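Peer 1: I am attaching a structure below and will ask some questions about it afterwards.
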Amino acid sequence: LAGIITLFGALTNAEIASMIPETGGQYLYFDRMYGPLFAYLYGWGVFAVIQTGSIASIAYVFAEYLTRFVSLPNLPPASESFAFTLPGIGAIQPLKDIGIKLAAAGLIILLTAINYIGVRFGGMVQNFFTVAKVAAIAALAILAFTTPGAGSAGNLTAAASNTAVQGIGAVAIALAIAKALDGAFWAYDGWNNVTYIAGEIRQPQRVIPRGLIYGMATVITVYILTNLAYLYVLPMEEMAGSKLVAADVASKFFEGGDAWIAAAVMISTFGTTNGTILASARVYFSMARQNVFPRFLGNAHPRFHTPGASLVVQCVWSVALLFSGSFDTLTDMLIFVSWIFYAAGAWGVFVLRRRMADHPRPYRVPGFPVVPAIFVVFAVLYLGLTIYNDLNDYAIATAAGQPAVIKSVFGLALVAVGLPVYWYYRKRSREK
């Protein structure tokens, strides 16, 4: 379900990308659709939550799998439980899992330095790790289905029978699906990153739509095959109780398989973190060039010709978010905010069809208006159900005396902080 809906988003976004093939991607699209304020809020959201949160959460996964090879330091439980409360948001625990957070911070700093040196070098790193992670995933799926005694087709049929729902209302089912989609959408997130660097790609009108559509179709196929392999090897109950599913699956094939797959996941998350760092800084760079962000963020490095200042600031805030909470807090927060703008972007196709009716469109979304309409309706429903789930989870946790965060509100608050910054720079720009 998550893959199909995200593919609808990619099909829709590709039309806009073919019309406006410039560096800055979604930020520039929103400027054409809804004006400078909404575009700014998106750009600020990318900086405050979406891309920096993605960088932090993916690096967090890298560090979690690193614990298979290295014993990371931890503070005493009394210190790790330290928390402070943000009014209306919840309890923040910066010292929890401190070893994992420090390792993740080191990865973010390292990859920022690599991309600071140059786009070509960063791109080479990205290409290598993309090939490596696809090869690792393919090997895992092949081993799962070909290793004698590794799994059973009965696990797949049992998993299918367990999905039957009885005696549960439609609203409860919808809420459960929305909660499950948080993780699934995080796995697919970043599908529109290529639009951020459109101005640095040859023939972007052709390349970007193809990249969005073929890329999403490939990822959906890989994810489905991988999860079928997981279910083939592990019974659903065992899979649900595993923190590192891929490693547990590999351990069924041969001794040391868990270490092998942990290394493969580290390769995958290393490459994904690098790709997110590479693309995201271009948004702040573009905003600074339009005088709605600090001007120094729009300066290219004189030697490396990269958005060096934007990369450094992005690195600092990504590390700060890393220490703001748990992996679940980061992912749920960024996915909620992302889907607000995904919905707005899909609706923007209708806006531009009217406002820029005569503008050349090298690519048109198939199934218009049904495909973008389905995406928008689904996104709105998902956002509403997510807010309800967050408020309910927060109420349950606080009633039990446990620290908790209203993750959707946390994300919205970080975006709202950008409003006074926008008004300040707009006022200063008018005065000049």
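Only the coordinates and a few stated rules stand behind these numbers; no lab work does. Quick caveat: nothing in here was measured; it's all calculated off a predicted structure. No Cβ is skipped: glycine too gets one built from the backbone with ideal geometry, and neighbour counts run over all protein chains shown.
Peer 1: Which value, in debye to the nearest 20, gives the size of the charge dipole of the chain about its Cα centre, when Lys and Arg are +1 and Asp and Glu are -1 at the Cβ?
Peer 2: Value, rounded to 20: 1820 debye.
Peer 1: Then there is this: Could you state the angle between the C-alpha long axis of helix 327-355 and the longest principal axis of the C-alpha atoms of the chain, as a value from 0 to 90 degrees rounded to the nearest 10?
Peer 2: 50 degrees
Peer 1: Of TYR425, TYR382, how do they rank once you tally other Cβ atoms within 10 Å and put the fewest first?
Peer 2: Listed from fewest to most nearby Cβ atoms, that is TYR425, TYR382.
Peer 1: Further, regarding this structure: To the nearest 10 degrees, how steep is helix 119-146 against the longest Cα principal axis of the chain, on a 0 to 90 scale?
Peer 2: Helix 119-146 sits at roughly 30 degrees to that axis.
Peer 1: Sticking with this structure for a sec: For segment 289-337, which trypsin sites (Lys or Arg not before Pro) are in a loop by DSSP, counting at most 16 other Cβ atoms within 10 Å? Walk me through the intermediate numbers first.
Peer 2: Details: sites: ARG289, ARG295, ARG303; in loops: ARG303.
In loop regions of segment 289-337 (DSSP not H, G, I, E or B), the sparsely surrounded trypsin sites (Lys or Arg not before Pro) are ARG303.
Peer 1: So how tilted is helix 204-233 from the main axis of the chain? Cα-based, degrees 0 to 90, rounded to 10.
Peer 2: It is inclined by approximately 10 degrees.
Peer 1: Separate question: Using only the Cα atoms of segment 305-432, what are the Rg and Dmax in Å?
Peer 2: My reading of the Cα-based Rg and Dmax gives 19.4, 59 Å.
Peer 1: Mean-square fluctuation check for the chain, GNM, Cα pairs under 10 Å: which of GLY43, GLY88, GLY275 is largest?
Peer 2: Of the options given, GLY88 has the highest mean-square fluctuation.
Peer 1: Report the label-to-label distance for ILE177 and SER81 in nanometres (one decimal), using points 7 Å from each Cα along the Cα→Cβ vector.
Peer 2: The answer from the label model is 4.0 nm.
Peer 1: Ranked highest first by average number of other Cβ atoms within 10 Å, how do 74-80, 384-390 line up?
Peer 2: 384-390, 74-80
Peer 1: Have a look at ILE374, ALA217, ILE16 and report the one farthest towards the positive end of the charge dipole of segment 2-431, computed about the Cα centre with Cβ charges (Lys/Arg +1, Asp/Glu -1).
Peer 2: ILE16
Peer 1: Work out the charge dipole of the chain with +1 on the Cβ of Lys and Arg and -1 on the Cβ of Asp and Glu about the Cα centre, then indicate which of GLY275, LEU322, PHE69 is farthest towards its positive end.
Peer 2: Of the candidates, GLY275 comes out farthest on the positive side.
Peer 1: Given springs between every Cα pair under 10 Å in a Gaussian network model of the chain, which of ASN274, ASN392, ASN299 has the largest fluctuation?
Peer 2: ASN392
Peer 1: Ranking request for peptides 53-66, 228-241: highest mean number of other beta-carbon atoms within 10 Å first, then the rest in descending order.
Peer 2: Details: 53-66: 25.9, 228-241: 17.0.
Packing proxy ranking, top to bottom: 53-66, 228-241.
Peer 1: How about LYS407: which aspartates and glutamates have a C-alpha closer than 17 Å to its C-alpha, ignoring those fewer than 8 places off in the same chain?
Peer 2: Once the sequence-local aspartates and glutamates are set aside, what remains near LYS407 is ASP182, ASP328, ASP332, ASP390, ASP393.
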